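Notes to accompany the following structure.
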Amino acid sequence: MNVPNLLTMIRFILIPIYAAVFAAGHVMWAFVIVLAAGLTDILDGYIARSRGLVTRMGEMLDPLADKLMLITVIISLMVAGYIPWFAAVPIFVRDAGMIIGSAVFHFRGKRTVPANAMGKLTTVLYYLAVLFIVFRFDFAITWLWFVIAFSFITTFVYLFKVQKVNRQTQESGM
C-alpha cells in the first residue's frame, strides 16, 4: 500500500459518504464530496507517476473508483430528477461494461492498458457535466449528451488499444 493507492481507497470511502449526503438532501455538500474525489484522483495519479509508484493494483483500482463514483452520482442525479433516465442508462451501461470487461480481462490473464489522456479528459468532462447539472445551467443536459458521445468514442479507442496490446503479447509468446 502506497500513498497513491491510499488516496484511491479514500475515493472508495467517499462513494457511500456522497450517497448518504446526497440522499439527505445536501446536494451542494454532496457536490463538494465529488470534487474532493476528483482532486484525490488527480493527486494520486500525479504522485504515482512522478514518484514511480505506479502499481498493477493502482492501475486496476483507480479507474474502478472513478467509474463507481460516476455511476453513483449519475444514479443519484437521475433518481432526484436532475437528469432523465435515458441519459443515465448509456452512462451506466458504458461504465458497468468497462468494470466487468476489465475484471474479465484481468482474471483471464489478459492485459488492460492504463487510462490515457482521452480517458482522463472524459472524467474531467463528466465532472464538468455534474457541475453544470447541479447548478442547473440551461445547457447542462446538452453538455451531458456531448460527454456521453465523447465517452463512447474514448471507450472504442481504449478497446482498440487493449486488443492491440493483447495481440502483441500473444504474438510475442508472453
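The values are calculated or read from the model by the stated rules, or taken from the named source; none is laboratory data. Please read these numbers as outputs of a predicted model, since none were measured by experiment. Here Cβ is always computed from backbone atoms with ideal geometry, including for glycine, and neighbour counts include all displayed protein chains.
Here is how the numbers come out for the structure above:
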| item | result |
| --- | --- |
| Tabulated pairs, segment 120-137, first within 11 Å of residue 151 (Cα to Cα), second acidic (Asp, Glu), C-beta under 8 angstrom, 6+ apart or interchain | 123/41; 123/66 |
| Residue among 84, 63 that alone is within 20 Å of residue 138 (Cα to Cα) and of a type outside the set (S, T, N, Q) | 84 |
| Pairs where the first residue, in segment 29-45, is part of a helix (DSSP H, G or I) and the second is at pLDDT 95 or above and of a type in the set (D, E, K, R), C-beta under 6 Å, 6+ apart | 37/11; 40/11 |
| Matching option when the condition is outside any helix (DSSP H, G or I) and modelled with pLDDT under 95, among 167, 111 | 111 |
| Residue among 3, 73 that alone is on the phi < 0 side of the Ramachandran plot and under 15 Å from the mean Cα position of the chain (by Cα) | 73 |
| Odd one out for residue 45, checked against (1) exposed (fewer than 14 other Cβ atoms within 10 Å of the Cβ); (2) over 16 Å from residue 151 (Cα atoms) | (1) |
